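Heads up, the thing below is written out as structure tokens.
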Amino acid sequence: MPFNQPYGVRSFYAPGHDQGPKAVPAIVGRGPSSFAAYAAAGGFRALQRLQNGETTPVAVLKQILASGLRGCGGSHLPLVKKWEAAIPHKPRYLVVNGMEGEPDTFKDYLLLRDYPQIVLEGIALACRVLHIREACLVLNSAYGECRAALQAVLNENAALFDGLDIQLVDGPEVDLYVAGEESALLNYLEGQRAEPRLKPPFPHEQGLWGKPTIINNVETLSWLPLLLVRPELFAGRHPKLVTLLGDVAEPGIYEITLGEPLPEILQRARADDLSFVEIGGISGGLIPATLTNVDYDDEALAPLGVQVGSGTLRVFNTSRDPLAEMAAAIAFFKTESCGRCTPCRVGTQELAKFAAALRDTPLSNTDLNWVHSVAHTLQQTSTCGLGRAAPAPLLTWLHHFGKKPHD
Ligand code: SF4
């Protein structure tokens, strides 16, 4: 399978973009208990049952689709939607997105580093039930240390992966945010610029090398072995890994249940001096501590203008300035825009200028109307999620922290 052609497009990106490998903090390891328990019991049980004929691909597929499992990369769309759309096209490839480009997000890293067997079992299960023979797992360039352990699992359990071609592919050397977008990943694998494709056609119709392709996130597939062996984990609930860091005493990757009260989640990491929280990663938004008494799921968070997203919760204490954090987030999107779509290229620059000037400039109704118009254009006309998400930090700041307009 001709993955990972030479990649030579760094000059396409803005000067200063090359920030080196993603900084991986030493926080990971406050172990998600379900994964630890499954690994401790030996793992591979779900895949072995399938191999031994104790169950069938059809039965396993039904169980997965009925579980309610959602995509854990940020979309939170039910997995059933993606797979059911793809199955009639007879998917040829499975691409597993291990780019995890969202800043301060490390849940996939924890899985790849500590539970490579479960990650690969999930990939193999998906391949078996979807009748896909060729898969590739694309790893963030900063996660190179995980590669040897993943390869060892493949080598040492060759019989379980028999008939499957699972390749481990290094992502772009530069830590590109937009390269984690699913169609950009396909371009990267084909040796083109890692920029998003226009849709339609969608990857499940014409994906890698023009063939129907399913793209799933590392965490999403890692839940498959667990939900098959311990279906009670998904009985009327949805477990999720969150990256919980910032001004907390015990940062880490925590296993929570969607719908849990947010204050209880924050207190697991001991957020003792809480001023505000960034919910959903840098493409999420900021809410003040006074509004955190809410359940942690998309339905309850939506009225606050935020969503679960990448599952990252960044906590800020009373010494932090929400305006500075918001301006930094907007500047990030300006830098990360690949520049192909005019609304995103120009809009992120304009929003960044506006955010940087907010501290010194009184806010007028004219300003507010302008910001909302730019944000609306970005959300409606951007090709990919970066442009659509870019206004969120500014919009939530204006809503929850902004000064009142003066005319
Ligand atoms: S929305 Fe922005 S990041 Fe996405 S393709 Fe367009 S210019 Fe590139």
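Where a number appears in this text, it was derived from the coordinates with a stated rule and is not lab data. Because the structure is a prediction, the values reported are computed rather than measured. Note that each Cβ is placed from the backbone with ideal geometry, even for glycine, and that neighbours are counted across all protein chains shown.
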Could you tell me the calculated FRET efficiency between Ala357 and Arg320, based on Cβ-Cβ distance and R0 = 25 angstrom, to the nearest 0.05? 0.80
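Could you check how many percent of all C-alpha pairs in the range 133-201 are farther apart than 15 Å?
59
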Relative contact order, percent, of the chain when contacts are C-alpha pairs under 8 Å separated by at least 6 residues? 18
A correct Stokes-Einstein calculation for the chain, using the alpha-carbon Kirkwood radius, 25 °C and 0.890 mPa s, returns a whole-number D in µm² s⁻¹ of 112
Can you order the peptides 75-81, 43-49 by their average number of other Cβ atoms within 10 Å per residue, highest first? 43-49, 75-81
So what are the radius of gyration and Dmax for the Cα set of the range 60-175, in Å? 14.3, 39
Debye sum, Cα scatterers, the range 237-316, no solvent: what log₁₀ I/I(0) at q = 0.18 1/Å? -0.61
At R0 = 56 Å, how high is the FRET efficiency between Asp298 and Asn52 if r is their beta carbon distance? Nearest 0.05 is fine. 0.90
Using just the helices of the chain, give the 222 nm mean residue ellipticity in deg cm²/dmol: DSSP H runs with n ≥ 4 each add -39,500 (n - 2.57), and the total is spread over all residues, rounded to 500. -11500 deg cm²/dmol
Listing Ser67, Ser382, Ser373, Ser310 by rising number of other beta-carbon atoms within 10 angstrom, fewest first, gives Ser373, Ser67, Ser382, Ser310
Degrees between helix 322-336 axis and first principal axis of the chain (Cα, 0 to 90, nearest 10): 60
Need one number: % antiparallel among DSSP beta bridges in the chain, to the nearest 5. 45
By Cβ neighbour count within 10 Å, fewest first, Val95, Val169 rank Val169, Val95
Over its Cα atoms, what ratio of radius of gyration to 2.2 N^0.38 Å does the range 343-407 give? 1.07
Any idea how far apart Glu350 and Lys199 come out in nm if each label point goes 7 Å out from Cα toward Cβ? 2.6
Most positive-pole-ward Cα, Tyr93, Tyr115, His131, against dipole of the range 75-146 from beta carbon charges: His131
The range 76-100 scanned against label point 7 Å out from Lys62 along Cα→C-beta; backbone N under 20 Å for 79-88
How big is the charge dipole of the chain about its Cα centre, in debye rounded to the nearest 20, if each Lys and Arg gets +1 on its Cβ and each Asp and Glu gets -1 on its Cβ? 820
Roughly speaking, what % of Cα-Cα pairs in the range 10-233 are separated by over 25 Å, rounded to a whole number? 37
A correct fewest-to-most ranking of Val346, Val371 by other Cβ atoms within 10 Å would be Val346, Val371
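Taking the Cα centre of the range 322-400 as origin, work out the dipole magnitude from +1 charges on Lys and Arg Cβ and -1 charges on Asp and Glu Cβ, in debye rounded to 20.
About 220 debye.
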Return one number: the angle in degrees, 0 to 90 and rounded to the nearest 10, between the long axis of the Cα atoms of helix 116-130 and the longest principal axis of the Cα atoms of the chain. 70
Quick one: how many lysine pairs in the chain have C-alpha atoms under 23 angstrom apart, if they're 8 or more apart or on different chains? 24
Pairwise label distance in nanometres, Glu145 with Ala85, each label 7 Å out on the Cα-Cβ vector: 3.7
Can you work out the FRET efficiency for the pair Thr366 and Glu156, with r the C-beta to C-beta distance and R0 = 60 Å, to the nearest 0.05? 0.40
Over 17 Å apart: what share of the alpha carbon pairs of the range 300-375 falls there, rounded to a whole percent? 58
